[in-house]
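First the structure, in the form of structure tokens, and then the observations on it.
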Amino acid sequence: MALYLLFESSSGYALFHAQGLDEIGQNTEAVRNSVADLNRFGKVVQLTAFQPFESAIDGLNQCNSVSEGLMTDELRSFLELNLPKVKEGKKSKFSLGVAEPKLGSHISETTKIPCQSGEFVLELLRGVRLHFDKFIKDLKSGDLEKAQLGLAHSYSRAKVKFNVNRVDNMVIQAIFLLDTLDKDINSFSMRVREWYSWHFPELVKIVNDNYLYARVAKLIEDKSKLSEEHVPALTEILGDEDKAKEVVEAGKASMGQDLTPVDLINVQLFAQRVMDLAEYRKNLYDYLVTKMNDIAPNLASLIGEVVGARLISHAGSLTNLAKCPSSTLQILGAEKALFRALKTRGNTPKYGLIFHSSFIGRASSKNKGRMARYLANKCSIASRIDCFSERGSTVFGEKLREQVEERLEFYDKGVAPRKNIDVMKSAIESTQNKDTEMEEVEPEEASAKKSKKKKSKTEDAPAAATNGDALEDGKSEKKKKKEKRKKEQEADEEDGKTNGVNEQDGTAKKKKKKSKDEAATNETTKKKKKSQE
């Protein structure tokens with residue numbers, strides 16, 4: 001049986017015909033030995049067809065389809081043109097060697113070309129990849145490397161591109177930085193306490209908060225200068241006038257030693273640094289809350305922003321967290337305890353990072369494990385909704401939180417919770433109602449915009465009308481003049497006609513008068529003749 005090899009290079013598709021396989025006996029070791037020698041490998045494998053990509057974009061599309069195990073139309077036409085045709089009802093006398101098994105299965109399903117992929121085919125393709133630039137004559141040295149580099153950059157860039165607002169990497173970095181900042185602020189504030197307590201040791205017992213202690217130390221500077229004038233400023237920081245007066249009185253009777261101005265300056269600078277770090281930590285927490293509401297709103301509303309961000313960072317990404325079953329999500333963060341329990345055959349841990357949630361803290365010691373299992377189940381549902389839903393909403397997260405609250409009441413008081421089907425139906429109905437409201441709001445906004453446009457048009461219309469009236473007036477005057485001229489001409493013509501008619505009437509009357517006169521004269525002459533006779 002003949003064997004053809006499909007090789008997807010960065011510059012195009014290539015089809016090779018493997019000959020003399022009987023001599024090799026389909027032994028992978030023999031192929032490995034023959035791959036290094038081009039003369040020996042060139043006798044076994046020969047190039048039959050090569051189809052280059054039209055452009056870099058075409059190459060990227062082909063590479064994406066091959067990586068997903070799909071056959072494009074270009075690849076199908078290339079294979080159908082260059083491979084021998086398979087008759088219906090008969091077995092094919094050849095097979096196609098492919099590196100990707102998914103692509104081979106898709107090719108065999110659509111074109112009924114038998115495909116195979118194994119160690120033997122992979123070794124042959126490795127040899128083809130090694131000597132590919134020598135099989136193609138027109139390919140210059142360095143062109144293949146450039147094509148490989150460009151395709152690799154575009155492919156990786158296309159894989160990295162996704163929705164900017166839902167980049168969970170920012171959440172991972174933010175939660176890591178938040179944890180390190182908490183450790184650093186605690187250690188630095190303890191250093192400020194130890195350092196300034198040499199000068200004012202009584203302040204430690206009065207002010208317990210680290211941030212407030214740094215602010216008070218920055219304000220006081222030298223305890224000997226403390227007076228009643230500092231009370232309003234201290235009340236603004238501490239929020240209590242009695243504590244402010246207590247600080248002033250303790251400063252007057254303090255047992256601490258005096259410090260040089262240089263030492264006080266260093267203490268003040270370090271206290272300022274601690275204050276800046278604490279303020280930056282607050283801003284970072286606000287940033288984390290906003291990002292979690294954008295990326296995983298349901299998970300954040302269910303378990304909180306910080307615990308949800310820790311789960312995402314520990315899993316690696318939101319998609320990895322969505323792929324995790326609830327049993328693994330339950331013990332995320334307690335891997336050491338789990339493997340220790342498996343080694344010693346002891347009790348496995350009941351919870352990991354979920355323990356920081358308030359629900360488990362509120363549950364009784366007897367029900368903590370049950371509560372952790374139930375909460376992990378709801379967290380896995382929320383993470384999958386956040387990962388695979390197109391629109392982000394907190395409806396499902398709020399409903400899942402209500403379910404957890406009901407389960408807590410069930411464990412404590414025995415109140416039966418609602419069924420999961422009913423809760424999910426209500427959540428879906430609420431989301432559908434929100435969608436319909438959004439759809440109704442959009443046409444209203446569009447109609448408002450149209451009405452505004454109409455108003456603007458109507459406002460513009462009077463001005464245009466006035467200008468148009470002026471133009472029309474000018475045009476109408478010209479038309480009126482023309483019409484007057486036409487009327488005058490018509491009137492003249494009619495007058496001429498009437499005059500002609502009158503002249504004709506006059507001539508007719510004159511002729512009649514003449515005829516009457518002639519008749520009268522003739523009669524008189526006749527009468528005279530008769531009288532004479």
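The values are calculated or read from the model by the stated rules, or taken from the named source; none is laboratory data. Small disclaimer: the values here were computed from a predicted structure and weren't measured. Positions of Cβ are generated from backbone atoms using ideal geometry, with glycine treated the same way; all protein chains shown enter the neighbour counts. For the accessible areas, the whole protein counts, side chains as well, though only heavy atoms, and no ligand, DNA or RNA atoms are used. Shrake-Rupley method; radii C 1.70, N 1.55, O 1.52, S 1.80 Å.
Taking into account only those residues within region 196-217 that are farther than 23 Å from A278 by Cα and in contact with a helix residue (DSSP H, G or I) (Cβ under 7 Å, 6 or more places away or on another chain), which is surrounded by the fewest Cβ atoms within 10 Å (Cβ to Cβ)?
E202
Can you find a residue in region 176-184 that is open to solvent by 80 Å² or more (accessible area, probe 1.4 Å), over 18 Å from T260 (Cβ atoms) and within 42 Å of the chain's Cα centre (by Cα)? Quick ask: steps written out before the conclusion?
Step one: filter region 176-184 for residues open to solvent by 80 Å² or more (accessible area, probe 1.4 Å), giving 176, 183.
In the following step, the residues that additionally are over 18 Å from T260 (Cβ atoms) were identified as 176, 183.
Right, trim to within 42 Å of the chain's Cα centre (by Cα) and you get 176, 183.
Checked region 176-184: at least one residue is open to solvent by 80 Å² or more (accessible area, probe 1.4 Å), over 18 Å from T260 (Cβ atoms) and within 42 Å of the chain's Cα centre (by Cα).
Can you find a residue that is more than 19 Å from G12 (Cα to Cα) and in a helix (DSSP H, G or I) anywhere in region 60-81? Write out each step before concluding.
So in region 60-81, the residues more than 19 Å from G12 (Cα to Cα) come out as none.
Checked region 60-81: no residue is more than 19 Å from G12 (Cα to Cα) and in a helix (DSSP H, G or I).
So, in region 281-305, of the ones that are out of contact with any helix residue (DSSP H, G or I) (no Cβ under 7 Å at 6 or more places or on another chain) and in a helix (DSSP H, G or I), which residue ends up farthest from S357 (Cα to Cα)?
In the first step, residues of region 281-305 are kept if they are out of contact with any helix residue (DSSP H, G or I) (no Cβ under 7 Å at 6 or more places or on another chain); the result is 282-283, 286, 290, 304.
Checking the rest, the ones that are also in a helix (DSSP H, G or I) come to 282-283, 286, 290.
Numbers: K282: 20, N283: 22, D286: 19, T290: 19 Å.
Among those residues, the one meeting the criterion is N283.
Which ones in region 382-404 are open to solvent by 10 Å² or more (accessible area, probe 1.4 Å) and touching a Phe, Trp or Tyr at 6+ places or on another chain (Cβ under 6 Å)?
Within region 382-404, just I385 meets the criteria.
For a quick check of your reading: which helices (runs of 4 or more DSSP H) sit entirely within region 310-427 and have at least 2 residues that are within 33 Å of the chain's Cα centre (by Cα)? Can you show your working first?
Working: elements: 318-323, 326-330, 335-344, 358-362, 368-388, 395-413.
Of the helices (runs of 4 or more DSSP H) lying wholly inside region 310-427, those with at least 2 residues that are within 33 Å of the chain's Cα centre (by Cα) span 318-323, 326-330, 358-362, 368-388, 395-413.
Taking I220 and the conditions (1) within 26 Å of L284 (Cβ to Cβ); (2) surrounded by 18 or more Cβ atoms within 10 Å (Cβ to Cβ), which numbered condition does it fall short on, given that it satisfies the others?
So I220 meets the others, but not (1).
Can you spot a residue in region 104-120 that is hydroxyl-bearing (S, T, Y), surrounded by 13 or more Cβ atoms within 10 Å (Cβ to Cβ), part of a helix (DSSP H, G or I) and over 34 Å from the mean Cα position of the chain (by Cα)? Please lay out each step first, then the result.
The first filter runs over region 104-120 and keeps only residues hydroxyl-bearing (S, T, Y), leaving 105, 108, 110-111, 117.
Then drop every residue that is not surrounded by 13 or more Cβ atoms within 10 Å (Cβ to Cβ), which leaves 105, 108, 111, 117.
From the residues that got through so far, the ones that are part of a helix (DSSP H, G or I) too are 105, 108, 111.
Still in the list and also over 34 Å from the mean Cα position of the chain (by Cα): 108, 111.
Checking region 104-120: at least one residue is hydroxyl-bearing (S, T, Y), surrounded by 13 or more Cβ atoms within 10 Å (Cβ to Cβ), part of a helix (DSSP H, G or I) and over 34 Å from the mean Cα position of the chain (by Cα).
Here are some conditions: (1) surrounded by 18 or more Cβ atoms within 10 Å (Cβ to Cβ); (2) out of contact with any Asp or Glu (no Cβ under 6 Å at 6 or more places or on another chain); (3) at pLDDT 90 or above. Y351 meets all but one. Which one does it not meet?
Answer for Y351: the failing condition is (3).
Among what's in region 69-97 and is free of Cβ contacts under 8 Å to residues at least 24 places away in the same chain and within 29 Å of A158 (Cβ to Cβ), pick the residue that is surrounded by the fewest Cβ atoms within 10 Å (Cβ to Cβ).
Here the residue is D73.
In region 363-381, which residues are of a type in the set (D, E, K, R) and surrounded by 22 or more Cβ atoms within 10 Å (Cβ to Cβ)? Spell out how you get there, then give the answer.
Keep residues of region 363-381 that are of a type in the set (D, E, K, R), which gives 366, 368, 370, 373, 378.
Of everything in region 363-381, just one residue is of a type in the set (D, E, K, R) and surrounded by 22 or more Cβ atoms within 10 Å (Cβ to Cβ), namely K378.
Mind listing just one residue for me: the one in region 250-281 that is small (G, A, S) and open to solvent by less than 70 Å² (accessible area, probe 1.4 Å) and, of those, farthest from K225 (Cα to Cα)? Steps first, answer last, please.
Filtering region 250-281 down to residues small (G, A, S) leaves 250-251, 253-254, 256, 271, 278.
Add one more test, that the residue is open to solvent by less than 70 Å² (accessible area, probe 1.4 Å), and what stays is 250-251, 254, 256, 271, 278.
Details: A250: 12, G251: 9, S254: 12, G256: 14, A271: 19, A278: 27 Å.
Among residues in region 250-281 that are small (G, A, S) and open to solvent by less than 70 Å² (accessible area, probe 1.4 Å), the one farthest from K225 (Cα to Cα) is A278.
As an exercise: evaluate A158 against (1) out of contact with any Lys or Arg (no Cβ under 7 Å at 6 or more places or on another chain); (2) open to solvent by less than 90 Å² (accessible area, probe 1.4 Å); (3) at pLDDT 85 or above and give the number of the one condition it does not meet.
Here A158 meets the rest and fails (3).
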